[in-house]
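Coordinate-derived values only; no laboratory data. Quick caveat, the model's predicted, so the values are computed rather than measured. As a convention, Cβ positions derive from the backbone with ideal geometry for all residues, glycine included, and neighbour counts pool all protein chains shown.
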Amino acid sequence: MKATGSVIAIVAFVGLIALLNALYTVQETEQVIVTQFGRPIGDPITKAGLNIRIPFIQKVNRIEKRILEWDGRSNNMPTRDKLYIAVDTFGRWRITSPLTYFRRLRDERSAQSRLEDILGSETRNAVARHDLIEMIRTDKGREPLRDETLGEESILVGELLPIVKGRIAVENEIVEAAAKKLIDFGIELLDVRFKRINYNESVRKKIYDRMISERQQIASRFRSEGEGEAARILGDKERDVQEIESRAYRIIEEIKGEADAKATEIYAAAYNQSSESIALYGFVKTLETYRKILDEDTTLMMSTKSDLFRLLKDIDGQ
Amino acid sequence: MANSPQDYIDEVRKQILPRLRLGAFIVPIIFIVYTAMTAIFSVPTESEAVILRFGKFVKRVGPGLHFKLPFGIDRQTSIPVKRQLKQEYGFATRGASNPTQFSSRDERPKEKAMVTGDLNAALVEWVVQYRITQPEQFLFKVRFPEDTLRDVSESVMREAVGDRTVDEVITIGRQAIESEALSRLQQIVNEYGMGLTIDQIQLKSVDPPEPVQSSFDEVNQAKQEREKLINISKGEYNKAVPRTGGEADQHIERAKGYAIQRINEAEGDATRFNALLTEYLKAPEVTRKRLYLETLAEVLPRIRSKIILDDDAKQVLPLLQLNSATQVAK
């Protein structure tokens, strides 16, 4: 009686342990491959929830179902135009064929090192096949905005360099080349993108020098524009001043000339009306002239034959 | 010790039953408390909770008090869906709201160094503001969605900067960069299914690299100089031209005055002459004499040396000398 009770208790206890061991959960973020002595059994379980397995014998291998990251190391490499640049790429991938993935790679650490090998070398290949600008620019047709206030200056610098393919096309080339190789590992490569592309330390100095000289060129352009514009305005000033003065001169001379002509006409009309008036004008004007020209310094010699003094000699003036 | 079964039972009744009775209270109470503790949960106001049953997604609940299956059968994860989160690139402000708000001190200079579309270098700092709007996607679609956001944001920002000249990046193109990067980032975030909504991308300081900075300043200075030179000469123009105009008008008015004067004088002279002529014609001889004598009477007294010569006496010279001598003596 006692013994059977103990046996039942023990069997129940072991049964409970076995049941707990047989039950396992699958999370939304994972897929599971059940293995028996290392050999995969059945299809991978991709639906989340409670599942059952043969306890103690079968093992649960959990594999990521989410989109995973690959963050490449920053590497120095030359472009086709022989510029040394530091390239930092990243990519997204996921495990689409868990069985293949499990058989060939077993865990993520080895997957990451494969990715690094394959994507690293494909990136290097793609970079070596293209000029730097192909990896910098994206939109072939883009025209740069120009600052209206800078005037002609903005034409001098700031041209976008022309491209044939552009950044996204280069990224796609890397994906295409690498995806084929990764499919064998049960991995789908979703994309690869350039995170950072920068000038290598050794190139940077030269780039900076170029930028400085470019800026200095713009600065001197501004200065000479200023001087030129100032000279133009001063020229305008002189022209306007001379125009105003000369026009005034012309108007003044016209007015004076007209007045003189009018005056002459008036005088002529008065003096020239008859032979008597001409004679009178000559007479009066001569007298008037005497008044003006004879002053106290004048020495006047007059004959006794003159009209004024002839009476001095002869009362009749004969 | 009791020997009969009855004794045994009595013994049990006496000693164990009271304890069992006590246990009959305590054990269920503990059980109930434990059940309640694992079945009741609350969700903060700004969050939503995702409930998983044996790891499988069941439902999403809003803020407040909720029930779930106890003993770890249901588990919940709260996601702050209403909270505005941000990530900073190239710089860091104190007090992080989330672990991916900024990168390590060594990473920051690399984060902001970019190459522009005219192969110049620029340092760009920016902020991404976002919310987790779809918690299931956020939790189940992509591993480390916020780290992924950092990677994508850097890539997208370089796409936008790479298609612009350094002048555009630093001055006039900022807004265009922000909006282009925003729409591109949202597009990729949706493609991946990261469950995030990007609210804003803001450019912070955008500068040329340190060694180049002074030459950029020089350009600004030269621009100012240009304006200054132009303004000075405009000032000179404005100083001279209106004054000249005024002076010209003055001279013209003066000429008009001259004209009026000239004509008036002429008319005056003519009228006077006509009046004289009328009278003269009445008695020409007398008038001539009168005018002549009047004039001489007026003129001669002014003249200090007057010599009257008799044409018959031929002694002009001595007389002249005498006269000049008296003048010298004076």
Going by a ≥ b ≥ c, the root eigenvalues of the Cα gyration tensor, does chain B fall in the rounded group (a/c under 1.5), the prolate group (a/b larger than b/c) or the oblate group?
-> prolate
Proximal charge balance of A:Leu50 [Cβ under 9 Å; K/R count +1, D/E count -1] = +2
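Which of the trypsin sites (Lys or Arg not before Pro) across the stretch B:152-218 are loop residues per DSSP, with 13 or fewer other Cβ within 10 Å? Provide the component values of the computation, followed by the final result.
Numbers: sites: B:Arg158, B:Arg164, B:Arg174, B:Arg184, B:Lys204; in loops: B:Arg164.
Answer in residue order: no site qualifies.
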Rounded to the nearest Å, what's the spacing between the alpha carbon centres of the stretch A:1-36 and the stretch A:38-58? Just the number, please.
-> 15
Under a cut-off of 19 Å between alpha-carbon atoms, report the aspartates and glutamates in cross-link reach of A:Lys181, not counting same-chain residues fewer than 8 places apart.
-> A:Glu69, A:Asp71, A:Asp107, A:Glu108, A:Glu116, A:Asp117, A:Glu122, A:Glu171, A:Glu173, A:Asp191
Can you give me the relative contact order of chain B as a percent, contacts being Cα pairs under 8 Å and 6 or more apart?
-> 11
So which of A:Lys140/A:Lys180; A:Lys47/B:Lys141; A:Lys205/B:Lys112; A:Lys59/A:Lys180 end up more than 23 Å apart, counting from Cα to Cα?
-> A:Lys140/A:Lys180; A:Lys59/A:Lys180
One computes Rg over Rh for the stretch B:249-310 from alpha-carbon atoms, with the Kirkwood Rh, and obtains 1.26
What number, rounded to the nearest 500 deg cm²/dmol, is the helix-based mean residue ellipticity at 222 nm of chain A, given -39500 (n - 2.57) per DSSP H run of at least four residues and division by all its residues?
-> -18000 deg cm²/dmol
Subtract the Cα-Cα distance of A:Asp307 and A:Lys262 from 0.36 nm times their separation in residues, and report this length gain in nm to one decimal.
-> 12.4 nm
Rg/Rg_ref, chain A, where Rg_ref = 2.2 N^0.38 Å and atoms are Cα | 2.87
Tell me what chain B gives for mean residue ellipticity at 222 nm when only DSSP H runs of n ≥ 4 count, each as -39,500 (n - 2.57), the sum divided by the residue total, rounded to 500 deg cm²/dmol.
-> -19500 deg cm²/dmol
Kindly provide log₁₀ I(q)/I(0) values, in the same order as q = 0.14, 0.16, 0.26 Å⁻¹, from the Debye equation applied to equal alpha-carbon scatterers of the stretch A:3-85.
-> -0.66, -0.75, -1.19
Extended-chain gain in nm, criterion 0.36 nm per residue less alpha-carbon gap, A:Thr100 and A:Glu143 | 10.6 nm
Any lysines with Cα under 22 Å of the B:Lys223 Cα? List them, leaving off those in the same chain fewer than 8 positions away.
-> B:Lys234
Taking only the alpha carbons of the stretch B:85-208, the radius of gyration and the largest Cα-Cα distance, Dmax, both in angstrom, are 14.2, 43
Using only Cα positions of the stretch B:6-105, each an equal point scatterer, no hydration layer, compute I(q)/I(0) via Debye at q = 0.14, 0.15, 0.25 Å⁻¹ and quote the log10 values to two decimals.
-> -0.75, -0.80, -1.17
Across the stretch B:101-165, how large is the tail of the calculated P(r) beyond 16 Å, expressed as a percent of all Cα pairs?
-> 54
Put in order of increasing Cβ neighbours within 10 Å, starting from the fewest, B:Tyr280, B:Tyr34 give B:Tyr34, B:Tyr280
On each of the three principal axes the extent of the alpha-carbon atoms of the stretch A:147-304, given in whole Å and largest first, is 151, 38, 17
In whole Å, what three semi-axes, largest first, describe the equivalent ellipsoid of the stretch A:272-313 built from its Cα gyration tensor (square root of 5 times each eigenvalue)?
-> 26, 17, 5
Whichever lysines have a C-alpha closer than 29 Å to that of A:Lys256, once near sequence neighbours (fewer than 8 apart) are set aside = A:Lys237, A:Lys285, A:Lys292, B:Lys256
Would you kindly state how much longer the chain becomes between A:Val11 and A:Lys206 on full extension, computed as 0.36 nm times their sequence separation minus their alpha carbon distance, in nm to one decimal?
-> 62.1 nm
When you have a sec, figure out the Kirkwood radius of the protein assembly as shown from all distinct Cα pair distances and drop it here in Å to one decimal?
-> 37.2
Environment charge at B:Tyr89 (Cβ cut-off 10 Å; Lys +1, Arg +1, Asp -1, Glu -1) = -1
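Report, in listed order, any pair from A:Lys313/B:Lys306; A:Lys305/B:Lys282; A:Lys195/B:Lys110; A:Lys195/B:Lys82; B:Lys110/B:Lys204; A:Lys82/A:Lys206 with a Cα-Cα distance greater than 20 Å.
Distance filter (> 20 Å) returns A:Lys305/B:Lys282; A:Lys195/B:Lys82.
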Using DSSP to define loop residues, name the chymotrypsin sites (Phe, Trp or Tyr not before Pro) in the stretch B:50-85 whose beta-carbon has at most 12 other beta-carbon atoms within 10 Å.
-> B:Phe71
